[in-house]
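Data block below; observations after.
All of the numbers you see were taken from the coordinates with simple rules; none came from a lab. Because the structure is predicted, anything quoted here is derived from the model rather than measured. Ideal geometry is used to build each Cβ from the backbone, glycine not excepted, and the neighbour counts take in all protein chains shown.
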Amino acid sequence: MTLGPLMVDIAGLALSEQEAEILQHPLVGGVILFSRNYESPEQVAELTASIRALRDPHLLISVDHEGGRVQRFRHGFTRLPPVAALGKRYQLEPDVVLERAETTGWLMAAELRAVGIDFSFAPVLDLDYGVSEVIGDRAFHRDPESVVAMARAYIQGMKRAWMPAVGKHFPGHGAVNVDSHLGLPIDTRHFEDMLQADMLPFRQLCHHGLAGIMPAHIVYEKSDDLPAGFSPFWLQEVLRGRLGFQGAILSDDLSMEGAAVMGDSVARAEAALAAGCDMVLVCNKPESVVQVIDGLKVEANPLRHLRLIRLHGRHAVGRDSLLASTEWKTAVQTILRYAPESELELNLA
């Protein structure tokens, strides 16, 4: 059975019968988990095992687990600092920071892989211009070359834990102050300016570690009048054509207000897939999932399936073995050494 183009969510700590039926629909290819789906490492491991058992190849299982404000699983997981904590020291001690970035990427990925998560939507490759509250300390740095260096190290750590990296938010979310969860941001900059700045991390890393990329729900009005995630210009002409990216393109959540300009849930899904997305996320509105499954018309695409199948994590280490390892203990100590005081609660019980 191929992986379908929809990534959906579930309501609670275990699958309901209706959810299990939905997840077996051919249009579904993945599940994204949220804090409401998490109680403990043991519980979430049982949940992911039940999801994997539904299909072969198993559905992709993902989560947003960047650290700082965006970390869905807390109690029982190392409390990761925001990646801006790395960037603050990068100019002063770059070698030390790159080692810490690699260790942090490994720790994030290894803990998730140990409970059956295929990938986190990470790293954030946006630049921190100091104007976007929704990005803010989720970004490594303002300087694109510094972002490339730290993100490359972070991705290398993820790869050591056998987790694919999914960078976001192409072509760059850091220069607008409107939160695309709440409205439609408009970026007024010229394409060439973005190519040399915001797009540089995507350009440098799309052939060196990124298995997936998530586009932004932002209109870059000097280039196109459609939000990037619905734009053939941004996804096909620029990302596929000019940058040569061959991995999977996964939309941001279609339920966000930044996507509302494209119409109802079915219209949004159709537009994103037609623009070049391989998978679209429909989250936090169960009725929308049913509407999209009932209304979406999309042809099977073997290339899409191949891109998505590469997002499966591999070679997970059992949680008990991981927590007993010297590498895990050393990584936790590394986090303790550089985390801001507000992020020192590790919740390792």
Checklist entry - Considering the zone a paramagnetic label at Glu257 would reach in this model (a point 7 Å from Cα along the Cα-to-Cβ line), which residues of the range 131-159 have amide N under 17 Å from it? => result 132-135
Next on the checklist: At 7 Å along Cα-to-Cβ for each site, give me the label-to-label distance between Thr330 and His315 in nm.
Outcome noted: 1.7
Next on the checklist: Taking θ = phi - 60°, what integer Hz values does the Karplus form 6.51 cos²θ - 1.76 cosθ + 1.60 yield along the range 122-127, in sequence order, with x for Gly and Pro?
Outcome noted: 7, x, 6, 10, 5, 8
Checklist entry - What list do you get for Tyr38, Tyr154 if you sort them by fewest beta carbons within 10 Å? => result Tyr38, Tyr154
Next on the checklist: Just to be sure I understand the model, the point goes 7 Å from the Cα along the line to the Cβ. What's the resulting Glu341 to Gln91 distance in nm?
Outcome noted: 2.4
Checklist entry - Can you give the translational diffusion coefficient of the range 1-68 in µm²/s, computed by Stokes-Einstein from the Kirkwood radius over Cα pairs at 10 °C and 1.306 mPa s? => result 130
Item to check | Chain lengthening between Trp162 and Gln24 when straightened (0.36 nm per residue, less Cα-Cα) | outcome: 47.1 nm
Checklist entry - Residues with amide H under 5 Å of Ala165's amide H, sequence separation 5 or more or different chain, H placed in the peptide plane at 1.01 Å from N; which? => result Ala211, Gly212
Checklist outcome for this item: Those trypsin sites (Lys or Arg not before Pro) from the range 39-112 that are DSSP loop and have at most 12 other Cβ neighbours within 10 Å turn out to be Arg69
Checklist entry - Cα gyration tensor of the chain, axes a ≥ b ≥ c as square roots of the eigenvalues: rounded (a/c below 1.5), prolate (a/b > b/c) or oblate? => result oblate
Next on the checklist: If I model the range 77-202 as equal point scatterers sitting on the Cα atoms and use the Debye formula, what is log10 I(q)/I(0) at q = 0.13, 0.17 Å⁻¹?
Outcome noted: -0.52, -0.86
Checklist outcome for this item: Restricting to Cα pairs under 8 Å and 6 or more apart, the percent relative contact order of the chain works out to 19
Item to check | Pairwise label distance in nanometres, Leu323 with His207, each label 7 Å out on the Cα-Cβ vector | outcome: 4.4
Checklist entry - What shape does the range 200-325 have by the C-alpha gyration tensor, where a ≥ b ≥ c are the square roots of the eigenvalues, rounded means a/c under 1.5, and otherwise prolate means a/b greater than b/c and oblate the rest? => result oblate
Checklist entry - For the chain, list the DSSP H helices whose alpha carbon atoms reach 20 Å or more along the long axis and whose average Kyte-Doolittle value is -1.0 or above? => result 94-113, 144-160
Next on the checklist: Give me the one-decimal Kirkwood hydrodynamic radius in Å for the range 169-218, with the sum taken over alpha-carbon pairs.
Outcome noted: 11.7
Item to check | Computed [θ] at 222 nm, helices only, for the chain once each DSSP H run of length n ≥ 4 contributes -39500 (n - 2.57) | outcome: -10500 deg cm²/dmol
